[in-house]
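Asks: First the structure, which I've put down as structure tokens, then a few questions once you've had a look.
The values are calculated or read from the model by the stated rules, or taken from the named source; none is laboratory data. No experiment lies behind these values; they were computed from the predicted model shown. Methodologically, a virtual Cβ is constructed for each residue, glycine included, from the backbone with ideal geometry; neighbour enumeration extends over all protein chains shown. For the accessible areas, the whole protein counts, side chains as well, though only heavy atoms, and no ligand, DNA or RNA atoms are used. Shrake-Rupley method; radii C 1.70, N 1.55, O 1.52, S 1.80 Å.
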Amino acid sequence: MEVKIGVQHAPREIVLESGLSAEEVERAVSDALAGKTQLLSLTDDKGRKVLVPTDRIAYVEIGEPAKPRVGFGAI
């Protein structure tokens, strides 16, 4: 699942590929914005954790599941 997070006062958005479903990402964002946590915490497909302070979240865009990438590369 592709997730884009807009952060206030930041020139670029945070983009990550997550193994979570759209409902799980939405629940994590809702919990963070409801004040249950002070940080939005998501982990990408490579195991990297992204932490965003909830008071700095401008928007969250939840996209389609990641499609396999096709291209030329070393096998």
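Asks: Could you tell me the calculated FRET efficiency between Arg12 and Leu33, based on Cβ-Cβ distance and R0 = 25 angstrom, to the nearest 0.05? Don't jump to the answer; show the numbers that get you there.
Replies: On the way: r = 21 Å, r/R0 = 0.85.
Result of the calculation: an efficiency of 0.75.
Asks: If you don't mind, there's one more thing I want to ask. Go ahead and estimate [θ] at 222 nm for the chain from helices alone: -39,500 (n - 2.57) per DSSP H run with n ≥ 4, summed, over the residue count, rounded to 500.
Replies: Numbers: 1 runs with 12 residues, N = 75.
Taken over the chain, the calculation gives -5000 deg cm²/dmol.
Asks: Which of these values of Rg and Dmax of the Cα atoms in Å was calculated from the structure shown: (i) 13.6, 47; (ii) 12.1, 41; (iii) 12.6, 43?
Replies: (i)
Asks: So what is the accessible area of the chain per residue, in Å², with the probe set to 1.4 Å? Walk me through the intermediate numbers first.
Replies: Numbers: 5700 Å² over 75 residues.
With the other protein chains kept in place, the chain gives 76 Å² per residue.
Asks: If you line up the long axis of helix 22-33 against the longest principal axis of the chain, both from Cα atoms, how many degrees apart are they, to the nearest 10?
Replies: That helix lies at roughly 30 degrees to the long axis.
Asks: For the chain, with all protein chains present and a 1.4 Å probe, just round the carbon and sulfur fraction of the accessible area to a whole percent. Don't skip to the end; give the middle numbers.
Replies: Details: 2950 of 5700 Å².
Reported share for carbon and sulfur atoms: 52 percent.
Asks: For the full complex of protein chains and a 1.4 angstrom probe, list Val15, Val70 by accessible area with the highest value first. If you can, show how the numbers build up before the last one.
Replies: Details: Val15 80, Val70 145 Å².
The residues order as Val70, Val15, largest area first.
Asks: Take the Cβ-Cβ distance between Thr43 and Ala22 as r, set R0 to 22 Å, and report the resulting FRET efficiency rounded to the nearest 0.05.
Replies: For Thr43 and Ala22, the calculated efficiency is 0.90.
Asks: Next question, about the same structure. If the cut-off is a Cα-Cα distance under 19 Å, which aspartates and glutamates reach Lys49, setting aside same-chain residues fewer than 8 apart in sequence?
Replies: Glu2, Glu13, Glu17, Glu23, Glu24, Glu26, Asp31, Glu61
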